[in-house]
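Let me begin by presenting the structure, written as structure tokens, before commenting on it.
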Amino acid sequence: MRAILSFLTEVRDWPRNVRLFFWANLLYQIGNGMFSVLYNLYIQGLGYPDAMNGRIISIQSLATAILFIPVGLLGDRFSRKKLLTLGALLSGIFFIGRSFAMQTDALLILAVCSGIFAAIFQVMAIPFLAENVSRSQRLRMFSFYSSLVLAAQVIGNTGGGILADTLHAAGMSYVSSLQLVLVTGSAATLLAFIPMIFVMEKSKISQEVQPVHPAVFTDRQPAADHASPSNKDNNAGAADASSPAPLVSVAADVPASTTPTAAIPTAPTAITAPATSDSAATFQQSPAQSVPHTAKQERSSDMKFISRFMLAQLLTGLGSGLVVPYLNLYFTNRFDVSLTSMSILISLGQLMTIVSMLLGPALAARIGTVRAVVAFQMLSLPFLLLTGFTNVLLVASISFLFRQALMNAANPLQSSIMVDRVSDKRRSIANSLMQTVFMLGWATMGPVQSYLVTSYGTYWGYAITFSITGVLYIASSMLYYFMFRKPPAPKMAEATV
């Protein structure tokens, strides 16, 4: 009880923008949860083969992937609030259209349209939070955000399945009951634009350059406080108040990228060295000496990190695209479970993921953020393979729950690593590129999954897809570890304007 009261007190201390954004996400994800858990079954109920589900998921994922980069560029230059509002409004409208579409052309066209606007929330969420919270609090806030997304999807998944079965039992046809639930979910997504209307816009003011103290970093002890991030808030106090003091003070393994040197004055500037066990010293340096980290070097560092992260994300997306969009079909096809049982099982997987996400920062504090990401992903692999090969519903259910929790627990840790290693002005485009390659994996693997299940049946078809996913996850985890296990050298101190 005390923990709940403490959490509610923390929430009340969040700034108004963050609270409104979380309300918008709650509505958006409840609707999305209802839609995602039942739409594949709706297509199946219309009489289409599994290949049609693969086409719809592929074309929607491709549309989303294509829009990620333009949306990221727009987010870095224009109002993220307006983009998020537009995304919620139009996503809800196109979801409603998809709830009634039955013809092949309409199903595909509306899938493209909803995929386009789904990109906005996926790209803008992390940068929006990053500009509203201080750097030391980002990991905790990203964990809260990821947990909220999953909790809302639990409500949507469970409520959608139970409501559809209840309506069907009350006398509605199978397809009509699914349509009514899909419309309900669409309405919830549509209503998400209302909280976003009341978000206060933050002006794109010039970012201050904060002093960065050199420090020694180790992979075991993440460096949380050795660099000050670029801040778009009107004042630093607002950013610091945007989330409660973290229970576990963990950021990424390295400091955030510093601000371009164009913001540095040409006159020599006093720079205060960090206090040591002996003394603290103040000295004078010329601009050439004090600011060796140029805008060109910053851009090079950003793009090097982004390109490496994209490679790891592509492999994860390819593996995920073979399994995740079809988990509802996996349980209904292989085990012939009811909609209620299927939705409750998927919801339980989300609940376990919430718990593991909240425990993620504690593990990152002990072994380092990069090692924690790899550990979570590798631990999920035995459960993934067990799910693919078992014919026992209880075993499949338990292994699915652990796989879901462990694999997704790394998401907020990866978000923290990304925003800390990429400069503020490139965070939206970086997030866009990560999401793009991930969704390209989904777009690519839709036809592959459909072919394997159609050709080899509901046992070997799923067993093969789960095995391929395991291989891709191993490759992604190994690449991630070897590319990011060593933090880059800390940047030299910069002058305070």
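The values are calculated or read from the model by the stated rules, or taken from the named source; none is laboratory data. Computed from a predicted structure; not experimentally measured. Here Cβ is always computed from backbone atoms with ideal geometry, including for glycine, and neighbour counts include all displayed protein chains.
General observations
- For the range 87-104, a residue qualifies if it is in contact (Cβ under 8 Å) with a residue 40 or more places away in the chain and among the hydrophobic types (A, V, I, L, M, F, W, C), and the qualifying residues are A88, L89, I93, F95, I96, F100, M102.
Table: residues versus (1) more than 18 Å from the chain's Cα centre (by Cα); (2) modelled with pLDDT of 90 or more; (3) under 21 Å from L329 (Cα atoms).
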| residue | (1), (2), (3) |
| --- | --- |
| S79 | yes, no, no |
| T85 | yes, yes, no |
| D105 | yes, yes, no |
| F121 | no, no, no |
| A130 | no, no, no |
| Y145 | no, no, no |
| A170 | yes, yes, no |
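- Residue under evaluation G159, criteria (1) within 21 Å of I354 (Cα to Cα); (2) buried (at least 23 other Cβ atoms within 10 Å of the Cβ); (3) at pLDDT 90 or above; (4) among the small types (G, A, S), criterion not met: (2)
- Selected residue (only one of A312, A263 is at pLDDT 80 or above, surrounded by 15 or more Cβ atoms within 10 Å (Cβ to Cβ) and among the small types (G, A, S)): A312
- Qualifying helices (runs of 4 or more DSSP H) (wholly inside the range 1-117; at least 2 residues being crowded, with 16+ Cβ neighbours inside 10 Å): 16-45, 50-77, 80-100
- Of the residues making up the range 412-425, not a single one is under 23 Å from L38 (Cα atoms) and β-branched (V, I, T).
- Residue in the range 463-476 that is modelled with pLDDT under 90 and touching a helix residue (DSSP H, G or I) at 6+ places or on another chain (Cβ under 9 Å) present: no
- Options A130, A164; residue that is under 21 Å from P70 (Cα atoms), touching a residue at least 12 places away in the same chain (Cβ under 8 Å) and buried (at least 24 other Cβ atoms within 10 Å of the Cβ): A130
- Of residues in the range 132-143 being polar (S, T, N, Q) and assigned to a helix (DSSP H, G or I), the one modelled with the highest pLDDT: S143
- Residue in the range 387-404 that is more than 24 Å from Y330 (Cα to Cα) and either at pLDDT 90 or above or crowded, with 24+ Cβ neighbours inside 10 Å (or both) present: no
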